[in-house]
1. Please determine whether any residue of the range 230-246 is open to solvent by 60 Å² or more (accessible area, probe 1.4 Å), modelled with pLDDT of 85 or more and in a helix (DSSP H, G or I).
2. Residue by residue through the range 20-44, note down the ones that are assigned to a helix (DSSP H, G or I), surrounded by 10 or more Cβ atoms within 10 Å (Cβ to Cβ) and of a type in the set (A, V, I, L, M).
3. Could you tell me which numbered condition THR196 fails, if it satisfies all but one of (1) in contact with a Gly (Cβ under 6 Å, 6 or more places away or on another chain); (2) of a type in the set (Ser, Thr, Tyr); (3) open to solvent by 50 Å² or more (accessible area, probe 1.4 Å)?
4. Can you give me the number of residues within the range 169-183 that are surrounded by fewer than 13 Cβ atoms within 10 Å (Cβ to Cβ) and of a type in the set (Ser, Thr, Tyr)?
5. When you look at ALA150, is it open to solvent by less than 80 Å² (accessible area, probe 1.4 Å) and over 31 Å from the mean Cα position of the chain (by Cα), yes or no?
6. Tell me yes or no: at least one residue of the range 249-262 is in a helix (DSSP H, G or I), open to solvent by 20 Å² or more (accessible area, probe 1.4 Å) and either basic (Lys, Arg) or in contact with a strand residue (DSSP E or B) (Cβ under 9 Å, 6 or more places away or on another chain) (or both).
7. Got a sec? Which of TRP55, TRP62 is open to solvent by 70 Å² or more (accessible area, probe 1.4 Å), under 18 Å from ALA249 (Cβ atoms) and out of contact with any Leu (no Cβ under 8 Å at 6 or more places or on another chain)?
Amino acid sequence: MRSTKTLLIKVADHMTLIVISSIVILPFLWMITTSLKPPKLAFSSPYLIPTHFYWQNFVNAWQEAPFARYYLNSIIVAVCVTFGQVFTSALAAYAFDRFEFPFKRTLWFTLLASMMVPLPLLVIPSFQIIQNLHWADNLAALIIPRCWSAFGILLLRQFIHSIPRDFDDAARMDGANTLRVIWSVILPIARPAVATLALFAFLFAWNDFLWPLIVLNTPEHFTVPLGIANFSGKYGTRWTLLMAATVSATIPAVIAFLAMQKSLIRGLASGGVNE
């Protein structure tokens, strides 16, 4: 009787997950199917299962906009932001967990409180700072302000807190300084949390649209999301080209997620069970 009840619960859980997964995947199916249709059939059925394979849409999308330049800009921004956030978050997380310094608790709770401020409220003061530093319409405006993350510090600090201090002491007895301890001892052990932070930072930087729209004016500095927006204009939207460009832009994000999904799950699980 108990095994039957357990089986029914598992079936219900799987059915719920299948329904939710189907709802989530529907927009992706529509995007892929539309990207493969001839322009005149963009709004004709079928909508979810591709029956036409008009690959010329991808060629036209890349020819009508300098997507190679957009990709290069997005890769530069995403890679620099990812390394910046991992580097600064690792140093700050180690300091918050291992060192004692004045106003430590005040700074920690201020850091946590900053995560509750809605991002739109920071747009205007951030833009004024960027203008005063003469970084507007430059990739530096997309990279440098994003190299610090309160979420990244919190995530790594939670993981580092679970690592025994004996590892630090053993490394110091061998002559390692603080940076050597972080690089050679702490970060290899905290690899799941580091991979989780790196994936979130990469996806956020790759998909960010609002901040590049505000600070960039020159098309040569545009990132992929801004380039895709050019297919939606005042007099209409070229849906087949827009969807072909969107499919192209989705591929790096999907590859990054598939490459680090196991580390992502381990990192989120460890962050959820630690103090």
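The values are calculated or read from the model by the stated rules, or taken from the named source; none is laboratory data. All figures in this text were calculated on a predicted structure; none of them were measured in a lab. All Cβ positions, even for glycine, are placed from backbone atoms using ideal geometry, and neighbour counts span all protein chains on display. Heavy atoms of the whole protein, side chains included, go into the accessibility calculation; ligands, DNA and RNA do not. Shrake-Rupley method; radii C 1.70, N 1.55, O 1.52, S 1.80 Å.
1. Looking only at the range 230-246, we keep the residues that are open to solvent by 60 Å² or more (accessible area, probe 1.4 Å), and these are 230, 232, 234-235, 238-239.
Going one step further and asking which of them are modelled with pLDDT of 85 or more, we end up with none.
Taking every residue of the range 230-246 in turn, none turns out to be open to solvent by 60 Å² or more (accessible area, probe 1.4 Å), modelled with pLDDT of 85 or more and in a helix (DSSP H, G or I).
2. Within the range 20-44, ILE20, ILE25, LEU26, LEU29, MET31, ILE32, LEU41 qualify.
3. (3)
4. Residues meeting the conditions: 0.
5. Numbers: open to solvent by less than 80 Å² (accessible area, probe 1.4 Å): yes; over 31 Å from the mean Cα position of the chain (by Cα): no.
The answer is no for ALA150.
6. Step one: list which residues in the range 249-262 are in a helix (DSSP H, G or I), which gives 249-262.
If we keep only those that are open to solvent by 20 Å² or more (accessible area, probe 1.4 Å) too, we end up with 250-252, 254-255, 257-262.
Adding the requirement that they be either basic (Lys, Arg) or in contact with a strand residue (DSSP E or B) (Cβ under 9 Å, 6 or more places away or on another chain) (or both) leaves 262.
Yes, because at least one residue in the range 249-262 is in a helix (DSSP H, G or I), open to solvent by 20 Å² or more (accessible area, probe 1.4 Å) and either basic (Lys, Arg) or in contact with a strand residue (DSSP E or B) (Cβ under 9 Å, 6 or more places away or on another chain) (or both).
7. On inspection, the qualifying residue turns out to be TRP62.
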